[in-house]
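Everything on this sheet refers to the single structure shown next.
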Amino acid sequence: MEILDDCDAVLCNAEVLELVKSIQLEASKSGFQRPEVAVLTTNQVIQYLESSNSCNVTPNEVQQLYGELAKFPPLDGQEPLKKKELLNIANFRPTTLVSLYSIIDHAEARFGDDRLEQMIALVEKILSAPPEVESEEMEQMEEEEAS
C-alpha cells in the first residue's frame, strides 16, 4: 500500500463540529439519501462534541489561542509546545494546573508554574466557557445583585 497524500493537519473539536454540521446541512439540502448508519453516526458525533467542554469554542478562538500560546517561550533549553499539546489545550479547555500537567509533557520543567498559570488565564480569556459554567456565573451574578 502506498500513501498518496500525507495529511499533516489536525482538527480541534470545534473544527470537527463545524465540519460535520456543514456536511449534514449539505446532505439535507441536496436531498441525497444517506445510509442510516451514516446519519446515526453523524448525530452521535454532534451530540458528543456539543456536550464537551469546548462545545461553545469557535475555530477563530482556537486560532487566536494557538497564536497567543506560541508567544509563551519555554524555559532555557526546553522545547516549545507541540501541536498535539496545543490541540489538547483547545479541546479540553484546562482550568487548573493539574489538568494542564496532564496535557503538557514535563510541564513544570518546560514552562514553570507562573507561565502555566498564565496559559490557564489565557484559555479562560479567549475560549468561550461551556454552557454550565456560563449559567453558574449568571446565577452567582443574580445572587450578588439580590443581596
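Since every read-out is calculated from the coordinates, none of them should be taken as a lab result. The structure displayed is predicted, hence computed values, not measured ones. Backbone-built Cβ (ideal geometry, glycine too); neighbour counts: all protein chains shown.
Can you give me the number of residues within segment 76-101 that are touching a residue at least 40 places away in the same chain (Cβ under 8 Å) and either touching a helix residue (DSSP H, G or I) at 6+ places or on another chain (Cβ under 6 Å) or surrounded by 13 or more Cβ atoms within 10 Å (Cβ to Cβ) (or both)?
Number satisfying all stated conditions: 4.
Return the residues of segment 7-27 that are within 19 Å of the chain's Cα centre (by Cα) and among the hydrophobic types (A, V, I, L, M, F, W, C); say none if nothing qualifies.
If the condition is that a residue be within 19 Å of the chain's Cα centre (by Cα) and among the hydrophobic types (A, V, I, L, M, F, W, C), then A9, V10, L11, C12, A14, V16, L17, L19, V20 are the ones that fit.
Inside segment 35-65, can you point out the residues that are of a type in the set (D, E, K, R), more than 22 Å from K125 (Cβ to Cβ) and either under 13 Å from the mean Cα position of the chain (by Cα) or surrounded by 15 or more Cβ atoms within 10 Å (Cβ to Cβ) (or both)?
E50
Could you say which residue among N56, N13 is in contact (Cβ under 8 Å) with a residue 60 or more places away in the chain and either farther than 22 Å from K83 by Cβ or in contact with a strand residue (DSSP E or B) (Cβ under 8 Å, 6 or more places away or on another chain) (or both)?
Numbers: N13 fails: either farther than 22 Å from K83 by Cβ or in contact with a strand residue (DSSP E or B) (Cβ under 8 Å, 6 or more places away or on another chain) (or both).
After applying the criteria, what remains is N56.
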